[in-house]
Amino acid sequence: MAADPLRRVRRGPLLVLVTGSMLAVAATLPAAAPIAGSAQSRSTIGRTWPIAEPDALAEIEAKVATLPSDMSKAFGPRDKWSALKAAPLGVAVADRVRSVVPFYTLDFDITLPGGKTLYPKGFAFNPLTYVKLPQRLVVVHRQDLGWALRSARASDFILLSALGAQNGDAIDLSEKTGRPIYILEERVKQRLGLTVAPVIIEQSGTRLVLTEYGPKSRAAATAAKGATR
């Protein structure tokens, strides 16, 4: 008689099914149910070691306990924080649309594990060749924040720009509007070639399209919003 292609090998609570080149392991119930009222036994398979690392949450809580209850006293008024100072931009005096290719130049060599140089320092490339930005950037001054909130899509990022001495508190504005407000960093301003606001930046293929909005466009948008109420 030919051998049965399905051979069953029972080992403890595991039922191993061997069928030619296929190996399946299925968990089965114990042969006998535990006696009522008895605790199920637990077993340890393999070697074990105690956890040497301290609990991360306990470490955080211990560190927080050593800090002042009011951190604002340590850093001073928020309007003096350099981290919240936005990059300044001029005011858009007319509608204008232009495009920018945000080339990036490596300032260090990128090498393979073996030491071979993959991309040398000074190599320039366009990141938009490889990525797709899912949202737009809406850059405004504090005085045009209302226009930005009406014009921005749900997925857009709103960036606050400085205008002279007017900077705006991005944290306070976020709390008041219920929408995240970010600051325009100087490096972003330089990379995108921004000069005036308000401006909306959106990817189109391998370019960024910068649409600047003059006073007439902003006023028209405000009037249209009021007419729909």
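The values are calculated or read from the model by the stated rules, or taken from the named source; none is laboratory data. In this text, all values refer to a predicted model and were calculated from it rather than measured experimentally. Neighbour counts run over all protein chains shown; Cβ positions are idealised from the backbone, glycine included. When the accessible area is computed, the model is the full protein with side chains, heavy atoms only, and any ligands, DNA or RNA have been set aside. Shrake-Rupley method; radii C 1.70, N 1.55, O 1.52, S 1.80 Å.
Observations on the model:
- Environment charge at Ala94 (Cβ cut-off 11 Å; Lys +1, Arg +1, Asp -1, Glu -1): 0
- Distance between modelled label sites at Asp95 and Lys132, nm, 7 Å Cα→Cβ extension: 2.8
- For Ile183, the residues whose modelled amide H falls within less than 5 Å of its own, excluding neighbours fewer than 5 places apart on the same chain, are Leu160.
- What you get for segment 91-183, charging only the Cβ of Lys and Arg (+1) and of Asp and Glu (-1), is a dipole of about 320 debye around the Cα centre.
- Computed extension length for Thr48-Ala74: 4.8 nm, one decimal, from 0.36 nm per residue of separation with the Cα-Cα distance subtracted.
- From phi via Karplus (6.51, -1.76, 1.60), per-residue ³J(HN,Hα) for segment 123-128 in Hz, x at Gly/Pro: 5, 10, 8, 9, x, 5
- Packing here is the average count of other Cβ atoms within 10 Å per residue, and on that basis the peptides 206-213, 121-128, highest first, run 206-213, 121-128.
- A simple rule links phi to the HN-Hα coupling: the Karplus curve 6.51 cos²θ - 1.76 cosθ + 1.60 with θ = phi - 60°, which for segment 139-151 gives 9, 9, 8, 4, 5, 10, 5, x, 4, 5, 5, 7, 8 Hz, with x for Gly and Pro.
- Whole-Hz ³J(HN,Hα) from phi, Karplus 6.51 cos²θ - 1.76 cosθ + 1.60, for segment 47-57, glycine and proline x: 7, 10, 9, x, 6, 8, 6, x, 5, 5, 5
- Comparing Cα centroids, segment 65-94 and segment 131-204 end up 16 angstrom apart.
- Close amide H partners of Val91, meaning residues 5 or more places away or on another chain with modelled amide H under 5 Å apart, are Ala197.
- Protein accessible area in segment 100-229, 1.4 Å probe - carbon and sulfur %: 57
- Anchor Lys216: lysines whose Cα lies under 18 Å away (excluding residues fewer than 8 positions away in-chain): Lys225
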